[in-house]
Amino acid sequence: MVELIVSKRDGLELSADAIRWIIREYTADRIPDYQMSALLMAILLNGLTDEELAPWTEAMLHSGETLDLSDVSKPKIDKHSTGGVGDKISIPLAPIVAACGVAVPMISGRALGHTGGTLDKLESIPGFSVMVDPEEFKDQLDTVGVVMAGQTETLVPADRRMYGLRDATGTVPSIPLIASSVMSKKLAEDLDGLVLDVKVGSGAFMRSLEDATTLAETMVEIGRAAGTPTVAILTRMDQPLGAMVGNANEIAESIDVLKGGGPDDVAQLVETLAVAMLKRVGQSTDEATHSVRKAVASGAALDVFAELVKVQGGDPGIIDNPNLLPHAPREYVLKARRDGWVTRCDARVIGNAAVRLRAGRATKEDAIDPSVGFEILAKVGQRVTEGHPLARVAFESETVLERALQGLSGAWTISDDEPEPTDVILGVVE
Ligand code: URA
(Lines give C-alpha, C1' and ligand atoms only; values in the text may rest on other atoms or scores of the structure.)
Protein backbone atom coordinates (compact mmCIF):
# COMPACT_ATOMS: atom_id res chain seq x y z
CA MET A 1 0.00 0.00 0.00
CA VAL A 2 2.84 2.42 0.80
CA GLU A 3 4.26 1.95 -2.71
CA LEU A 4 0.86 2.61 -4.25
CA ILE A 5 0.37 5.77 -2.14
CA VAL A 6 3.83 6.98 -3.21
CA SER A 7 3.04 6.28 -6.90
CA LYS A 8 -0.17 8.26 -6.73
CA ARG A 9 1.50 11.03 -4.75
CA ASP A 10 4.14 11.32 -7.49
CA GLY A 11 1.51 11.51 -10.24
CA LEU A 12 1.97 7.98 -11.63
CA GLU A 13 -0.92 5.83 -12.87
CA LEU A 14 -2.18 2.89 -10.80
CA SER A 15 -2.82 -0.37 -12.67
CA ALA A 16 -6.31 -1.86 -12.80
CA ASP A 17 -5.04 -4.84 -10.75
CA ALA A 18 -3.63 -2.54 -8.07
CA ILE A 19 -6.95 -0.65 -7.90
CA ARG A 20 -8.99 -3.85 -7.56
CA TRP A 21 -6.62 -4.99 -4.82
CA ILE A 22 -6.92 -1.67 -2.91
CA ILE A 23 -10.73 -1.66 -2.94
CA ARG A 24 -10.95 -5.35 -2.02
CA GLU A 25 -8.44 -5.15 0.82
CA TYR A 26 -9.88 -1.89 2.20
CA THR A 27 -13.43 -3.29 2.22
CA ALA A 28 -12.14 -6.41 4.01
CA ASP A 29 -10.52 -4.20 6.69
CA ARG A 30 -6.99 -5.19 5.70
CA ILE A 31 -5.92 -1.65 4.79
CA PRO A 32 -6.05 0.79 7.70
CA ASP A 33 -7.97 4.07 7.42
CA TYR A 34 -4.78 6.14 7.74
CA GLN A 35 -3.28 4.62 4.61
CA MET A 36 -6.54 4.88 2.70
CA SER A 37 -6.80 8.55 3.77
CA ALA A 38 -3.35 9.25 2.39
CA LEU A 39 -4.27 7.61 -0.91
CA LEU A 40 -7.56 9.53 -1.09
CA MET A 41 -5.70 12.81 -0.51
CA ALA A 42 -3.22 11.91 -3.27
CA ILE A 43 -6.20 11.23 -5.57
CA LEU A 44 -7.84 14.53 -4.58
CA LEU A 45 -4.62 16.35 -5.48
CA ASN A 46 -3.58 14.40 -8.60
CA GLY A 47 -6.88 12.99 -9.89
CA LEU A 48 -7.52 9.63 -11.56
CA THR A 49 -7.09 9.03 -15.29
CA ASP A 50 -9.99 7.51 -17.29
CA GLU A 51 -8.00 4.24 -17.27
CA GLU A 52 -7.94 4.33 -13.45
CA LEU A 53 -11.48 5.63 -12.88
CA ALA A 54 -13.20 2.78 -14.77
CA PRO A 55 -11.69 -0.08 -12.66
CA TRP A 56 -12.02 2.05 -9.48
CA THR A 57 -15.79 2.49 -10.02
CA GLU A 58 -16.21 -1.13 -11.13
CA ALA A 59 -14.36 -2.43 -8.04
CA MET A 60 -16.53 -0.28 -5.74
CA LEU A 61 -19.73 -1.44 -7.47
CA HIS A 62 -18.73 -5.09 -6.91
CA SER A 63 -17.43 -4.60 -3.36
CA GLY A 64 -20.74 -6.07 -2.12
CA GLU A 65 -24.07 -7.30 -3.42
CA THR A 66 -26.03 -5.56 -6.17
CA LEU A 67 -29.82 -5.43 -6.49
CA ASP A 68 -31.53 -7.72 -8.99
CA LEU A 69 -34.73 -5.95 -10.01
CA SER A 70 -35.20 -7.87 -13.26
CA ASP A 71 -38.60 -9.18 -12.00
CA VAL A 72 -39.98 -5.64 -11.71
CA SER A 73 -42.15 -5.14 -14.77
CA LYS A 74 -42.00 -1.33 -15.01
CA PRO A 75 -38.93 0.58 -16.23
CA LYS A 76 -36.71 1.61 -13.30
CA ILE A 77 -35.37 5.15 -13.21
CA ASP A 78 -33.69 6.97 -10.33
CA LYS A 79 -32.36 10.46 -9.65
CA HIS A 80 -29.38 11.39 -7.49
CA SER A 81 -28.22 14.79 -6.32
CA THR A 82 -24.61 15.60 -5.51
CA GLY A 83 -25.89 17.32 -2.34
CA GLY A 84 -27.09 20.73 -1.27
CA VAL A 85 -28.88 22.83 1.35
CA GLY A 86 -32.68 22.72 1.51
CA ASP A 87 -32.49 20.03 -1.19
CA LYS A 88 -35.74 18.16 -0.52
CA ILE A 89 -36.31 17.55 -4.25
CA SER A 90 -36.33 13.72 -4.06
CA ILE A 91 -39.25 13.69 -1.61
CA PRO A 92 -41.89 15.13 -3.97
CA LEU A 93 -40.08 13.94 -7.13
CA ALA A 94 -40.06 10.17 -6.51
CA PRO A 95 -43.85 9.85 -5.89
CA ILE A 96 -44.64 12.11 -8.87
CA VAL A 97 -42.57 9.96 -11.24
CA ALA A 98 -44.04 6.76 -9.74
CA ALA A 99 -47.54 8.18 -10.30
CA CYS A 100 -46.54 8.50 -13.99
CA GLY A 101 -45.99 4.71 -14.22
CA VAL A 102 -42.22 4.46 -13.69
CA ALA A 103 -40.63 2.45 -10.85
CA VAL A 104 -38.30 4.55 -8.66
CA PRO A 105 -35.92 2.42 -6.55
CA MET A 106 -34.38 5.33 -4.67
CA ILE A 107 -31.47 4.68 -2.34
CA SER A 108 -30.60 7.92 -0.61
CA GLY A 109 -28.04 9.25 1.83
CA ARG A 110 -27.86 11.01 5.17
CA ALA A 111 -26.83 14.54 6.06
CA LEU A 112 -23.07 14.95 5.92
CA GLY A 113 -21.05 18.14 6.19
CA HIS A 114 -23.15 21.22 5.49
CA THR A 115 -25.57 19.31 3.21
CA GLY A 116 -28.86 17.71 4.28
CA GLY A 117 -29.89 14.09 3.70
CA THR A 118 -33.13 12.64 2.33
CA LEU A 119 -33.09 9.74 4.82
CA ASP A 120 -32.91 12.05 7.84
CA LYS A 121 -35.78 14.15 6.46
CA LEU A 122 -37.94 11.06 5.87
CA GLU A 123 -37.21 9.76 9.37
CA SER A 124 -38.78 12.92 10.80
CA ILE A 125 -42.14 11.41 9.74
CA PRO A 126 -43.36 9.57 12.87
CA GLY A 127 -42.84 5.80 12.39
CA PHE A 128 -41.17 6.02 8.95
CA SER A 129 -38.46 3.38 8.42
CA VAL A 130 -35.76 3.70 5.76
CA MET A 131 -34.63 0.09 6.24
CA VAL A 132 -36.36 -1.99 3.57
CA ASP A 133 -35.26 -5.60 3.09
CA PRO A 134 -34.46 -6.77 -0.47
CA GLU A 135 -37.63 -8.90 -0.92
CA GLU A 136 -39.94 -6.13 0.33
CA PHE A 137 -38.01 -3.71 -1.86
CA LYS A 138 -39.09 -5.57 -5.02
CA ASP A 139 -42.70 -6.04 -3.88
CA GLN A 140 -43.04 -2.39 -2.95
CA LEU A 141 -41.65 -1.30 -6.32
CA ASP A 142 -44.34 -3.39 -8.02
CA THR A 143 -47.20 -2.30 -5.78
CA VAL A 144 -46.45 1.31 -4.78
CA GLY A 145 -43.97 2.09 -7.58
CA VAL A 146 -41.45 3.75 -5.28
CA VAL A 147 -39.09 2.81 -2.46
CA MET A 148 -37.12 5.44 -0.54
CA ALA A 149 -34.55 3.59 1.50
CA GLY A 150 -31.04 3.65 2.91
CA GLN A 151 -28.04 1.72 1.71
CA THR A 152 -27.95 -1.75 3.28
CA GLU A 153 -24.86 -3.21 4.94
CA THR A 154 -24.11 -5.23 1.83
CA LEU A 155 -24.70 -2.71 -1.00
CA VAL A 156 -21.46 -0.99 -2.14
CA PRO A 157 -19.73 -1.35 1.27
CA ALA A 158 -16.56 0.24 -0.17
CA ASP A 159 -18.46 3.51 -0.60
CA ARG A 160 -20.06 3.34 2.85
CA ARG A 161 -16.64 3.12 4.45
CA MET A 162 -14.87 5.50 2.13
CA TYR A 163 -17.51 8.23 2.26
CA GLY A 164 -17.27 8.50 6.05
CA LEU A 165 -13.47 8.61 5.81
CA ARG A 166 -13.56 11.26 3.06
CA ASP A 167 -15.95 13.38 5.10
CA ALA A 168 -13.50 13.32 8.03
CA THR A 169 -10.35 13.95 5.98
CA GLY A 170 -11.29 16.80 3.63
CA THR A 171 -11.31 14.52 0.59
CA VAL A 172 -14.95 14.82 -0.54
CA PRO A 173 -14.63 17.49 -3.28
CA SER A 174 -12.70 15.38 -5.80
CA ILE A 175 -14.29 14.83 -9.21
CA PRO A 176 -13.23 11.16 -9.66
CA LEU A 177 -14.05 10.29 -6.03
CA ILE A 178 -17.54 11.86 -6.20
CA ALA A 179 -18.18 10.34 -9.64
CA SER A 180 -17.19 6.81 -8.54
CA SER A 181 -19.07 7.13 -5.22
CA VAL A 182 -22.34 8.25 -6.83
CA MET A 183 -22.17 5.96 -9.87
CA SER A 184 -21.14 2.77 -8.01
CA LYS A 185 -24.22 3.16 -5.78
CA LYS A 186 -26.55 3.95 -8.66
CA LEU A 187 -25.26 1.17 -10.93
CA ALA A 188 -25.88 -1.28 -8.06
CA GLU A 189 -29.61 -0.45 -8.29
CA ASP A 190 -30.10 -2.27 -11.61
CA LEU A 191 -31.57 0.81 -13.33
CA ASP A 192 -32.87 1.40 -16.85
CA GLY A 193 -31.94 5.06 -16.65
CA LEU A 194 -30.52 7.67 -14.33
CA VAL A 195 -30.91 11.43 -13.89
CA LEU A 196 -28.23 13.31 -11.96
CA ASP A 197 -28.73 16.69 -10.33
CA VAL A 198 -25.23 18.15 -10.24
CA LYS A 199 -25.16 21.11 -7.89
CA VAL A 200 -22.99 24.16 -8.55
CA GLY A 201 -22.20 27.04 -6.19
CA SER A 202 -21.30 28.00 -2.64
CA GLY A 203 -23.47 25.28 -1.07
CA ALA A 204 -22.26 22.54 -3.43
CA PHE A 205 -19.14 20.40 -3.46
CA MET A 206 -18.38 21.82 -6.92
CA ARG A 207 -18.22 25.60 -6.65
CA SER A 208 -17.50 26.44 -10.30
CA LEU A 209 -19.59 25.65 -13.37
CA GLU A 210 -16.45 24.33 -15.06
CA ASP A 211 -15.76 21.73 -12.34
CA ALA A 212 -19.45 20.77 -12.12
CA THR A 213 -19.54 20.26 -15.90
CA THR A 214 -16.47 18.00 -15.74
CA LEU A 215 -18.08 16.02 -12.89
CA ALA A 216 -21.33 15.72 -14.88
CA GLU A 217 -19.48 14.57 -18.02
CA THR A 218 -17.49 12.04 -16.01
CA MET A 219 -20.62 10.49 -14.45
CA VAL A 220 -22.58 10.48 -17.73
CA GLU A 221 -19.64 8.63 -19.38
CA ILE A 222 -19.52 6.04 -16.53
CA GLY A 223 -23.28 5.48 -17.00
CA ARG A 224 -22.90 5.14 -20.78
CA ALA A 225 -20.03 2.65 -20.45
CA ALA A 226 -22.11 0.55 -18.01
CA GLY A 227 -25.17 0.57 -20.32
CA THR A 228 -27.27 2.78 -18.01
CA PRO A 229 -28.40 5.85 -20.01
CA THR A 230 -27.57 8.84 -17.80
CA VAL A 231 -28.30 12.55 -18.10
CA ALA A 232 -27.00 15.24 -15.76
CA ILE A 233 -28.76 18.54 -15.08
CA LEU A 234 -26.51 21.28 -13.69
CA THR A 235 -28.39 23.33 -11.09
CA ARG A 236 -27.60 26.36 -8.96
CA MET A 237 -26.81 25.86 -5.25
CA ASP A 238 -25.69 29.33 -4.16
CA GLN A 239 -28.69 29.77 -1.87
CA PRO A 240 -30.90 27.13 -0.20
CA LEU A 241 -33.64 25.55 -2.28
CA GLY A 242 -37.10 26.67 -1.17
CA ALA A 243 -37.68 28.28 2.22
CA MET A 244 -37.19 25.40 4.65
CA VAL A 245 -33.83 24.08 5.83
CA GLY A 246 -34.07 21.28 8.37
CA ASN A 247 -35.85 17.95 8.43
CA ALA A 248 -39.54 17.88 9.44
CA ASN A 249 -40.03 21.38 8.00
CA GLU A 250 -38.66 20.17 4.64
CA ILE A 251 -41.19 17.31 4.66
CA ALA A 252 -44.00 19.85 5.16
CA GLU A 253 -42.65 21.93 2.25
CA SER A 254 -42.41 18.80 0.07
CA ILE A 255 -46.06 18.01 0.81
CA ASP A 256 -46.97 21.55 -0.33
CA VAL A 257 -45.22 20.83 -3.65
CA LEU A 258 -47.13 17.53 -4.01
CA LYS A 259 -50.34 19.51 -3.43
CA GLY A 260 -49.44 21.81 -6.36
CA GLY A 261 -47.98 24.66 -4.27
CA GLY A 262 -44.61 25.21 -2.58
CA PRO A 263 -41.79 27.58 -3.50
CA ASP A 264 -41.25 28.24 -7.24
CA ASP A 265 -37.60 27.10 -7.33
CA VAL A 266 -38.47 23.74 -5.74
CA ALA A 267 -41.54 23.19 -7.94
CA GLN A 268 -39.55 24.13 -11.08
CA LEU A 269 -36.65 21.81 -10.28
CA VAL A 270 -38.97 18.94 -9.37
CA GLU A 271 -40.76 19.32 -12.72
CA THR A 272 -37.50 19.58 -14.71
CA LEU A 273 -36.05 16.44 -13.10
CA ALA A 274 -39.33 14.51 -13.36
CA VAL A 275 -39.53 15.34 -17.08
CA ALA A 276 -35.89 14.25 -17.52
CA MET A 277 -36.71 10.93 -15.78
CA LEU A 278 -39.76 10.29 -17.98
CA LYS A 279 -37.74 11.12 -21.11
CA ARG A 280 -35.46 8.20 -20.14
CA VAL A 281 -38.42 5.89 -20.83
CA GLY A 282 -39.04 7.39 -24.26
CA GLN A 283 -41.58 10.16 -23.56
CA SER A 284 -41.23 13.48 -25.41
CA THR A 285 -40.74 16.67 -23.38
CA ASP A 286 -44.37 17.65 -24.04
CA GLU A 287 -45.78 14.24 -23.06
CA ALA A 288 -43.62 14.11 -19.95
CA THR A 289 -44.55 17.66 -18.86
CA HIS A 290 -48.22 16.85 -19.34
CA SER A 291 -47.93 13.59 -17.31
CA VAL A 292 -46.09 15.31 -14.47
CA ARG A 293 -48.57 18.19 -14.19
CA LYS A 294 -51.50 15.76 -14.34
CA ALA A 295 -49.99 13.56 -11.61
CA VAL A 296 -49.84 16.59 -9.30
CA ALA A 297 -53.14 18.25 -10.28
CA SER A 298 -55.15 14.99 -10.02
CA GLY A 299 -53.77 14.17 -6.57
CA ALA A 300 -52.30 10.89 -7.90
CA ALA A 301 -48.75 11.84 -6.79
CA LEU A 302 -49.97 12.75 -3.31
CA ASP A 303 -51.78 9.37 -3.11
CA VAL A 304 -48.52 7.57 -4.00
CA PHE A 305 -46.70 9.55 -1.30
CA ALA A 306 -49.40 8.61 1.26
CA GLU A 307 -49.04 4.95 0.28
CA LEU A 308 -45.24 5.12 0.45
CA VAL A 309 -45.38 6.63 3.94
CA LYS A 310 -47.88 3.99 5.08
CA VAL A 311 -46.02 0.99 3.63
CA GLN A 312 -42.73 2.14 5.21
CA GLY A 313 -44.39 2.41 8.63
CA GLY A 314 -45.04 6.16 8.78
CA ASP A 315 -48.16 8.09 9.67
CA PRO A 316 -49.86 9.39 6.48
CA GLY A 317 -51.92 11.67 8.75
CA ILE A 318 -49.05 14.21 8.37
CA ILE A 319 -50.35 15.00 4.88
CA ASP A 320 -53.53 16.64 6.13
CA ASN A 321 -52.18 17.59 9.52
CA PRO A 322 -48.58 18.88 9.41
CA ASN A 323 -48.83 19.46 13.19
CA LEU A 324 -48.18 15.73 13.55
CA LEU A 325 -44.60 16.42 12.40
CA PRO A 326 -42.11 17.32 15.12
CA HIS A 327 -41.81 21.08 15.58
CA ALA A 328 -39.44 22.80 18.02
CA PRO A 329 -41.38 24.89 20.53
CA ARG A 330 -39.42 28.15 20.36
CA GLU A 331 -38.80 30.68 17.61
CA TYR A 332 -36.24 33.39 16.96
CA VAL A 333 -36.43 35.84 14.04
CA LEU A 334 -33.21 37.12 12.46
CA LYS A 335 -33.74 40.60 10.97
CA ALA A 336 -32.11 42.75 8.28
CA ARG A 337 -29.79 45.46 9.59
CA ARG A 338 -30.32 47.81 6.63
CA ASP A 339 -32.53 48.58 3.63
CA GLY A 340 -31.59 47.24 0.20
CA TRP A 341 -31.63 44.28 -2.17
CA VAL A 342 -30.63 40.80 -1.07
CA THR A 343 -27.71 39.94 -3.35
CA ARG A 344 -26.44 36.88 -1.44
CA CYS A 345 -28.07 34.26 0.81
CA ASP A 346 -25.21 31.82 1.24
CA ALA A 347 -26.19 28.16 1.19
CA ARG A 348 -22.94 26.96 2.77
CA VAL A 349 -23.13 29.40 5.70
CA ILE A 350 -26.78 28.47 6.28
CA GLY A 351 -25.98 24.74 5.95
CA ASN A 352 -23.20 25.04 8.53
CA ALA A 353 -25.51 26.98 10.87
CA ALA A 354 -28.10 24.20 10.43
CA VAL A 355 -25.48 21.68 11.61
CA ARG A 356 -24.85 23.82 14.72
CA LEU A 357 -28.62 23.99 15.28
CA ARG A 358 -28.52 20.13 15.25
CA ALA A 359 -30.63 19.89 12.06
CA GLY A 360 -27.52 18.39 10.46
CA ARG A 361 -24.64 16.22 11.45
CA ALA A 362 -21.05 17.29 12.16
CA THR A 363 -19.82 13.71 12.49
CA LYS A 364 -21.33 10.40 11.36
CA GLU A 365 -22.24 9.52 14.96
CA ASP A 366 -24.17 12.76 15.72
CA ALA A 367 -27.92 12.53 16.38
CA ILE A 368 -30.16 14.90 14.44
CA ASP A 369 -33.02 16.88 15.98
CA PRO A 370 -35.81 16.57 13.38
CA SER A 371 -37.87 19.38 14.90
CA VAL A 372 -35.43 22.28 14.49
CA GLY A 373 -34.67 24.30 11.37
CA PHE A 374 -34.69 27.57 9.49
CA GLU A 375 -37.38 29.18 7.41
CA ILE A 376 -35.57 31.48 4.98
CA LEU A 377 -37.70 34.61 4.59
CA ALA A 378 -35.53 36.71 2.25
CA LYS A 379 -33.76 35.28 -0.79
CA VAL A 380 -31.64 36.76 -3.58
CA GLY A 381 -33.49 39.43 -5.56
CA GLN A 382 -35.79 40.43 -2.72
CA ARG A 383 -36.04 44.07 -1.58
CA VAL A 384 -35.93 44.43 2.23
CA THR A 385 -36.08 47.28 4.70
CA GLU A 386 -34.23 47.44 8.03
CA GLY A 387 -35.91 45.05 10.48
CA HIS A 388 -37.38 42.85 7.71
CA PRO A 389 -37.20 39.17 8.78
CA LEU A 390 -34.43 37.22 7.04
CA ALA A 391 -34.99 33.86 8.72
CA ARG A 392 -37.18 32.27 11.37
CA VAL A 393 -35.29 29.78 13.53
CA ALA A 394 -37.23 26.97 15.23
CA PHE A 395 -35.08 25.87 18.18
CA GLU A 396 -35.08 23.82 21.35
CA SER A 397 -32.46 25.34 23.66
CA GLU A 398 -30.87 28.81 24.04
CA THR A 399 -27.33 27.37 23.95
CA VAL A 400 -27.92 25.63 20.67
CA LEU A 401 -29.62 28.74 19.24
CA GLU A 402 -26.64 30.92 20.20
CA ARG A 403 -24.25 28.54 18.50
CA ALA A 404 -26.42 28.43 15.37
CA LEU A 405 -26.69 32.22 15.21
CA GLN A 406 -22.90 32.63 15.20
CA GLY A 407 -22.19 33.64 11.65
CA LEU A 408 -25.75 33.11 10.41
CA SER A 409 -26.40 36.81 9.73
CA GLY A 410 -23.19 36.76 7.62
CA ALA A 411 -25.07 34.56 5.16
CA TRP A 412 -26.89 37.57 3.74
CA THR A 413 -25.48 40.48 1.74
CA ILE A 414 -27.82 43.44 1.34
CA SER A 415 -26.74 45.98 -1.29
CA ASP A 416 -28.00 49.14 -2.96
CA ASP A 417 -28.07 47.57 -6.42
CA GLU A 418 -30.71 45.14 -7.58
CA PRO A 419 -29.07 41.82 -8.63
CA GLU A 420 -29.61 40.29 -12.08
CA PRO A 421 -32.29 37.55 -11.97
CA THR A 422 -30.80 34.04 -12.05
CA ASP A 423 -32.14 30.67 -13.13
CA VAL A 424 -31.94 27.45 -11.08
CA ILE A 425 -31.23 25.32 -14.14
CA LEU A 426 -27.75 25.99 -15.56
CA GLY A 427 -27.35 23.34 -18.24
CA VAL A 428 -27.72 19.73 -19.32
CA VAL A 429 -25.01 17.13 -20.04
CA GLU A 430 -25.96 13.96 -21.90
N1 URA B 1 -22.79 12.16 -2.96
C2 URA B 1 -22.29 10.91 -2.95
O3 URA B 1 -23.02 9.92 -2.97
N4 URA B 1 -20.95 10.74 -2.96
C5 URA B 1 -20.10 11.79 -2.95
O6 URA B 1 -18.90 11.58 -2.98
C7 URA B 1 -20.62 13.10 -2.94
C8 URA B 1 -21.99 13.26 -2.94
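The values are calculated or read from the model by the stated rules, or taken from the named source; none is laboratory data. All values derive from a computational prediction rather than experimental measurement. Counting neighbours? That spans all protein chains shown, and the Cβs are built from the backbone with ideal geometry, glycine included. We work out accessible area using only protein heavy atoms, side chains counted, and drop any ligands, DNA or RNA first. Shrake-Rupley method; radii C 1.70, N 1.55, O 1.52, S 1.80 Å.
Return yes when ALA232 is under 18 Å from the mean Cα position of the chain (by Cα), among the small types (Gly, Ala, Ser), closer than 25 Å to LYS279 by Cβ and assigned to a loop (DSSP other than H, G, I, E, B) and no when it is not. It would help to see each step written out before you state the result.
Numbers: under 18 Å from the mean Cα position of the chain (by Cα): yes; among the small types (Gly, Ala, Ser): yes; closer than 25 Å to LYS279 by Cβ: yes; assigned to a loop (DSSP other than H, G, I, E, B): no.
No, not satisfied.
Name the residue, out of PHE395, PHE374, that is under 30 Å from LEU165 (Cβ atoms), in contact with a strand residue (DSSP E or B) (Cβ under 9 Å, 6 or more places away or on another chain) and not small (Gly, Ala, Ser). Full working, then the answer.
Numbers: PHE395 fails: under 30 Å from LEU165 (Cβ atoms).
Of PHE395, PHE374, the one residue that is under 30 Å from LEU165 (Cβ atoms), in contact with a strand residue (DSSP E or B) (Cβ under 9 Å, 6 or more places away or on another chain) and not small (Gly, Ala, Ser) is PHE374.
Looking at the structure I just gave you, is GLU13 among the charged types (D, E, K, R), closer than 17 Å to PRO176 by Cβ and surrounded by fewer than 21 Cβ atoms within 10 Å (Cβ to Cβ)? First the steps, then the outcome.
Values: among the charged types (D, E, K, R): yes; closer than 17 Å to PRO176 by Cβ: yes; surrounded by fewer than 21 Cβ atoms within 10 Å (Cβ to Cβ): yes.
Yes; evaluated as a whole, the condition is true for this residue.
Just checking, how many residues over the stretch 158-179 are more than 9 Å from the ligand (Cβ to nearest atom), surrounded by fewer than 19 Cβ atoms within 10 Å (Cβ to Cβ) and not charged (D, E, K, R)?
Total meeting the criteria: 5.
Of everything in the stretch 379-430, what is β-branched (Val, Ile, Thr) and either part of a loop (DSSP other than H, G, I, E, B) or out of contact with any Phe, Trp or Tyr (no Cβ under 6 Å at 6 or more places or on another chain) (or both)? Give them in sequence order.
Within the stretch 379-430, VAL380, VAL384, THR385, THR399, VAL400, THR413, ILE414, THR422, VAL424, ILE425, VAL428, VAL429 qualify.
In this structure, is VAL144 buried (at least 24 other Cβ atoms within 10 Å of the Cβ) and away from the ligand (no atom under 13 Å from the Cβ)?
no
So that you can scan it fast, the table gives a plain yes or no per residue for (1) outside the structural domain of ALA367 (by TED's automatic domain parsing); (2) surrounded by fewer than 24 Cβ atoms within 10 Å (Cβ to Cβ); (3) closer than 19 Å to ASP167 by Cβ; (4) away from the ligand (no atom under 15 Å from the Cβ):
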| position | (1), (2), (3), (4) |
| --- | --- |
| ALA54 | yes, yes, no, yes |
| THR66 | yes, yes, no, yes |
| VAL72 | yes, yes, no, yes |
| SER81 | yes, no, yes, no |
| VAL102 | yes, no, no, yes |
| ARG110 | yes, yes, yes, no |
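Looking at the structure I just gave you, is LEU69 in contact with a Leu (Cβ under 6 Å, 6 or more places away or on another chain) and over 30 Å from GLY242 (Cα atoms)?
no
Take the residues of the stretch 356-394 that are open to solvent by 20 Å² or more (accessible area, probe 1.4 Å) and among the β-branched types (Val, Ile, Thr): which is farthest from the chain's Cα centre (by Cα)?
Of everything passing the filter in the stretch 356-394, THR385 is farthest from the chain's Cα centre (by Cα).
Please specify each residue of the stretch 260-294 satisfying the condition of being assigned to a helix (DSSP H, G or I), open to solvent by less than 60 Å² (accessible area, probe 1.4 Å), among the hydroxyl-bearing types (Ser, Thr, Tyr) and free of Cβ contacts under 8 Å to residues at least 60 places away in the same chain.
THR289
Before we move on, is ARG224 more than 14 Å from the ligand (Cβ to nearest atom), surrounded by fewer than 24 Cβ atoms within 10 Å (Cβ to Cβ), charged (D, E, K, R) and under 30 Å from SER73 (Cα atoms)?
Here the answer is yes, as ARG224 does meet what is asked.
Here is a list of conditions, (1) in a helix (DSSP H, G or I); (2) open to solvent by 40 Å² or more (accessible area, probe 1.4 Å), and ALA59 meets all of them except one; can you say which number that is?
With (1) in a helix (DSSP H, G or I); (2) open to solvent by 40 Å² or more (accessible area, probe 1.4 Å) applied to ALA59, the lone miss is (2).
Could you tell me whether any residue of the stretch 183-196 is near the ligand (Cβ under 10 Å from one of its atoms), on the phi < 0 side of the Ramachandran plot and out of contact with any helix residue (DSSP H, G or I) (no Cβ under 7 Å at 6 or more places or on another chain)?
Yes, because at least one residue in the stretch 183-196 is near the ligand (Cβ under 10 Å from one of its atoms), on the phi < 0 side of the Ramachandran plot and out of contact with any helix residue (DSSP H, G or I) (no Cβ under 7 Å at 6 or more places or on another chain).
Output the residues belonging to the stretch 4-24 that are in contact (Cβ under 8 Å) with a residue 12 or more places away in the chain, over 19 Å from THR218 (Cα atoms) and in a helix (DSSP H, G or I). Quick ask: steps written out before the conclusion?
Going residue by residue through the stretch 4-24, those that are in contact (Cβ under 8 Å) with a residue 12 or more places away in the chain are 4-5, 8-9, 11, 13-14, 16, 18-20, 22-24.
Right, trim to over 19 Å from THR218 (Cα atoms) and you get 4-5, 8-9, 11, 18, 20, 22-24.
The answer is LEU4, ILE5, LYS8, ARG9, ALA18, ARG20, ILE22, ILE23, ARG24.
Somewhere in the stretch 159-177, is a residue assigned to a strand (DSSP E or B) and either touching a Pro at 6+ places or on another chain (Cβ under 8 Å) or within 30 Å of PRO421 (Cα to Cα) (or both)?
no
Just to be sure before I move on: is THR49 in contact (Cβ under 8 Å) with a residue 12 or more places away in the chain and surrounded by 14 or more Cβ atoms within 10 Å (Cβ to Cβ) in the structure I sent?
no
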